Amino acid sequence: MKIISDIGELRDQLRGQNRASFVPTMGNLHEGHLSLMRLARQHGDPVVASIFVNRLQFGPNEDFDSYPRTMQADIEKLEKEGVYVLFAPTEKDLYPQPQEYRVEPPNQLGNILEGEFRPGFFQGVCTVVLKLFSCVQPKVAVFGKKDYQQLMIIRQMAKQFALPVDIVPAETIRAEDGLALSSRNTYLSIDERREAPELQKLLQQVREQVIGLKQQSPEELKKIEAGALETLTKRGWRPDYIAIRLQSDLATPSNTALDAKESLVILTAAKLGKTRLIDNLEI
Ligand code: PAF
């Protein structure tokens, strides 16, 4: 595997490759990331991965400095997966000047849910992903469904800018007890790790409640959301949101959408101790 930090060198290495399949990451790779590499292999060749902890997508009080950085172990994992190039730029490589041109996702998608609780997050994500796409010029890029809203926003960005890249979604990989794999799980204490799978269990209960409704209405969905928030809070979590939304655009479902049986998804973000976890479940 070639490890490249310089944009020019990356372009030289990838010249003539027009079927490259790309997996952008922030490192601290786990089985979830490795499943993205395997999916990428099914969709193109060669597989290119990136590791870059992107300052632009972290808020001032978030974990940019403490975000786990495990480059050597990551390199070994990627080598085993047969990744052809690891693009691992420094901040100077990717942002040689302050990044003043930014991509701003539309309010109705970028400022709800994660965007409401992490202002600027999706602007930072879109900006770096567009830049990484411009460096790697992949035919295909793979993003996990654990970051459901991120996947949707990147898909829309690719569509609206007519980027020549297919965005491929990958299913969430979970531990045996149901906890979605995440680099931030390493922050959990032993007791918190024991409690953490309750988030996914709660989403499953919410799904059962929604499916069990005789007549779905926005009011009934609101009641279910409120009940779930209360359950989490009672267990000692500090939830940011539990929201039942339309899969198509993450909008709050209207009566018309519910009558038309449009597909729904439940999304959540909640803090357990110092760790903020996100998860989702399609209905
Ligand atoms: O999902 C992530 O790890 C990051 O948001 C991404 C897509 C690599 C951009 O920094």
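The values are calculated or read from the model by the stated rules, or taken from the named source; none is laboratory data. Every value quoted in this text rests on a predicted model; they were computed, and no experiment measured them. Don't worry about glycine lacking a Cβ; one is built from the backbone with ideal geometry, like all the others, and counts go over all protein chains shown. Just the protein is used for accessible areas: all its heavy atoms, side chains included, with ligands, DNA and RNA removed. Shrake-Rupley method; radii C 1.70, N 1.55, O 1.52, S 1.80 Å.
Summary of values
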item: Test: residue in region 206-223 that is in contact (Cβ under 8 Å) with a residue 60 or more places away in the chain and part of a strand (DSSP E or B); result: no
item: Residue list for region 72-94, filter: closer than 22 Å to residue 11 by Cα, in a helix (DSSP H, G or I) and away from the ligand (no atom under 13 Å from the Cβ); result: 75, 78, 79, 92, 93
item: Cβ-Cβ under 6 Å pairs, at least 6 apart or on other chains, region 116-133 side more than 11 Å from the ligand (Cβ to nearest atom) and polar (S, T, N, Q), far side modelled with pLDDT of 95 or more and open to solvent by 40 Å² or more (accessible area, probe 1.4 Å); result: 123/102; 123/104
item: Every pair of residues 6+ apart whose Cβ atoms lie under 6 Å, when the first sits in region 25-53 and is outside any loop (DSSP other than H, G, I, E, B) while the second is basic (Lys, Arg) and more than 9 Å from the ligand (Cβ to nearest atom); result: 47/41
item: Filter pass, residue 199 being of a type outside the set (Ser, Thr, Tyr), touching a helix residue (DSSP H, G or I) at 6+ places or on another chain (Cβ under 7 Å) and either buried (at least 19 other Cβ atoms within 10 Å of the Cβ) or not in a strand (DSSP E or B) (or both); result: no
item: Options 58, 64, 52; residue that is within 16 Å of residue 136 (Cα to Cα) and either modelled with pLDDT of 95 or more or within 11 Å of the ligand (Cβ to nearest atom) (or both); result: 52
item: Matching option when the condition is over 21 Å from residue 144 (Cα atoms), open to solvent by 20 Å² or more (accessible area, probe 1.4 Å), touching a Lys or Arg at 6+ places or on another chain (Cβ under 8 Å) and not in a strand (DSSP E or B), among 62, 9; result: 62
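Table: residues versus (1) of a type in the set (Phe, Trp, Tyr); (2) open to solvent by less than 10 Å² (accessible area, probe 1.4 Å).
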| residue | (1), (2) |
| --- | --- |
| 77 | no, no |
| 103 | no, no |
| 112 | no, no |
| 118 | no, no |
| 124 | no, yes |
| 133 | yes, no |
| 141 | no, yes |
| 146 | no, no |
| 165 | no, no |
